[in-house]
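See below for the structure under consideration.
The values are calculated or read from the model by the stated rules, or taken from the named source; none is laboratory data. Bear in mind the structure is a predicted one, so any value in this text is a computation, not a measurement. Neighbour counts run over all protein chains shown; Cβ positions are idealised from the backbone, glycine included. We work out accessible area using only protein heavy atoms, side chains counted, and drop any ligands, DNA or RNA first. Shrake-Rupley method; radii C 1.70, N 1.55, O 1.52, S 1.80 Å.
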Amino acid sequence: MTVAVPAATFAAPVWRRHLAALALVSVAILLVFRADVARLVGIWWTGDAYGHCLMVAPIVAWLVWQRRSGLAQLTPVAWAPGLLIVATGSAGWLLGEAASANFAQQLGLVLMLEGTAVTLLGPNVARALLFPLAYALFLVPFGAWLDAPLQQVTIAIVMPLLALIGLPAESNGLVIHAGRYWFEVAEACSGAKFVLAMIVLGTLVTHLGFTSWRRRAVFMAAALVAPVLTNGVRAFLSIWGAHLMGIESVLGPGHLLAGWALFAGMLAGLLALAWPHFDRAPDAPAFDPAKLQRRVPRLDPALAVLMVLAIVAGARLLASVGLRPIA
């Protein structure tokens, strides 16, 4: 039997010390790697396919806030094995720096921050924050390789639909000749941005709405297929609209807004279909604090801070004195 204890009775000063250390080291890491942070934020802000990354940090903060009452029943500790995650992130960042690979650098940066949290808060708190920590990996832009296959899938969807309405069309590579116009299925038209956004949103929905792994798998499969089909229909409607009303009807910002409106409708429909099958209560706790009270070897928090900073500074120093891009 678990007895509920008011959060105010817990050792708040312990939490304040560990959170202050975490904030201090996190800010230091962001400053040391400020050029990488600037590039990462620039990709979120300007990358056509990565605007969804701007939502990830607020969602992670909300997920952590949701867990605050349970976290108050845990005691943070500094934990030496967390340094392995920091070291892994530093090594990944170094490899990315040497190879001029932005993805490796950005993933390494996120892992350094997550390893810092695990090191300064301990394994019990880390287990309580497992999903938010894993979800934070979506801060790293990925999926550029999806453009080429999705371009081909879009063409494979468009051509039968054009045949269905009797509009003569033929495709040559990424170009479709339909009616009196030629259309290129460019990378921006591949639908990758919709697929990537649905991966991020679908992962959140499966966590919040389902406990059954089978239902989670079904929803994620639908979340991956639906935007691909929606993008194919969007491309078909663009070509049909140009045929009926002229090419000017599918040019300009209106075309982009129509695409996002179609995506929003698809998302709303998918959630409406999934809603009756949600098997997780809205007020269900994210974790059971009673199961996360394992005793672990502790590290002095000040020493943990110094060790994290030493690993991070070592990576930065190695990059500045010895590493050059691999040709």
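Details
- Scanning the stretch 121-167 for residues that are assigned to a helix (DSSP H, G or I), under 28 Å from I43 (Cβ atoms) and either in contact with a Lys or Arg (Cβ under 6 Å, 6 or more places away or on another chain) or modelled with pLDDT of 95 or more (or both) yields A126, L130, F131, P132, L133, A134, Y135, A136, L137, F138, L139.
- The set of residues in the stretch 272-312 that are in contact with a helix residue (DSSP H, G or I) (Cβ under 7 Å, 6 or more places away or on another chain), open to solvent by less than 70 Å² (accessible area, probe 1.4 Å) and in a helix (DSSP H, G or I) comprises A274, P289, P301, A304, V305, V308, L309, I311, V312.
- Residue in the stretch 103-116 that is within 19 Å of the chain's Cα centre (by Cα) and acidic (D, E) present: yes
- Considering residues of the stretch 131-146 that are without any contact (Cβ under 8 Å) to a residue 60 or more places away in the chain and not aliphatic (A, V, I, L, M) only, the residue least open to solvent (accessible area, probe 1.4 Å): F142
- Among the residues of the stretch 46-86, those that are assigned to a helix (DSSP H, G or I), open to solvent by 40 Å² or more (accessible area, probe 1.4 Å) and touching a Gly at 6+ places or on another chain (Cβ under 8 Å) comprise L84, I85.
- All positions within the stretch 214-247 that are within 15 Å of F278 (Cβ to Cβ) and touching a residue at least 60 places away in the same chain (Cβ under 8 Å): R215
To keep it simple, each residue is scored yes or no on (1) touching a Pro at 6+ places or on another chain (Cβ under 9 Å); (2) modelled with pLDDT under 90; (3) closer than 23 Å to V185 by Cβ.
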| site | (1), (2), (3) |
| --- | --- |
| W213 | no, no, no |
| G232 | no, no, yes |
| M245 | no, yes, yes |
| L251 | no, yes, yes |
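- Pairs with Cβ under 9 Å, 6+ apart, first in the stretch 20-37 and over 17 Å from L318 (Cα atoms), second exposed (fewer than 12 other Cβ atoms within 10 Å of the Cβ): A21/A302; V37/L31
- Any hit, the stretch 186-197, residues being farther than 28 Å from D48 by Cα, among the small types (G, A, S) and modelled with pLDDT under 90: no
- Within this structure, A98 passes the test of being open to solvent by less than 30 Å² (accessible area, probe 1.4 Å), assigned to a helix (DSSP H, G or I) and more than 24 Å from A20 (Cβ to Cβ).
- For beta carbons closer than 7 Å, sequence separation of 6+ or different chains, a first residue in the stretch 275-291 that is farther than 18 Å from R214 by Cβ and a second that is of a type in the set (A, V, I, L, M, F, W, C), the qualifying pairs are F287/A128; P289/L74.
- Check on A222, at pLDDT 95 or above and either open to solvent by less than 30 Å² (accessible area, probe 1.4 Å) or assigned to a helix (DSSP H, G or I) (or both): yes
- Positions within the stretch 172-202 being open to solvent by 60 Å² or more (accessible area, probe 1.4 Å) and either touching a strand residue (DSSP E or B) at 6+ places or on another chain (Cβ under 7 Å) or outside any helix (DSSP H, G or I) (or both), in sequence order: N172, R180, W182, E184
Quick grid of which residues meet (1) open to solvent by 70 Å² or more (accessible area, probe 1.4 Å); (2) among the aliphatic types (A, V, I, L, M); (3) not in a helix (DSSP H, G or I):
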| site | (1), (2), (3) |
| --- | --- |
| R17 | yes, no, no |
| L31 | yes, yes, no |
| V37 | no, yes, no |
| Q106 | no, no, no |
| L109 | no, yes, no |
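- Inspection of the stretch 252-262 finds a residue satisfying the criterion of being buried (at least 17 other Cβ atoms within 10 Å of the Cβ) and of a type in the set (G, A, S).
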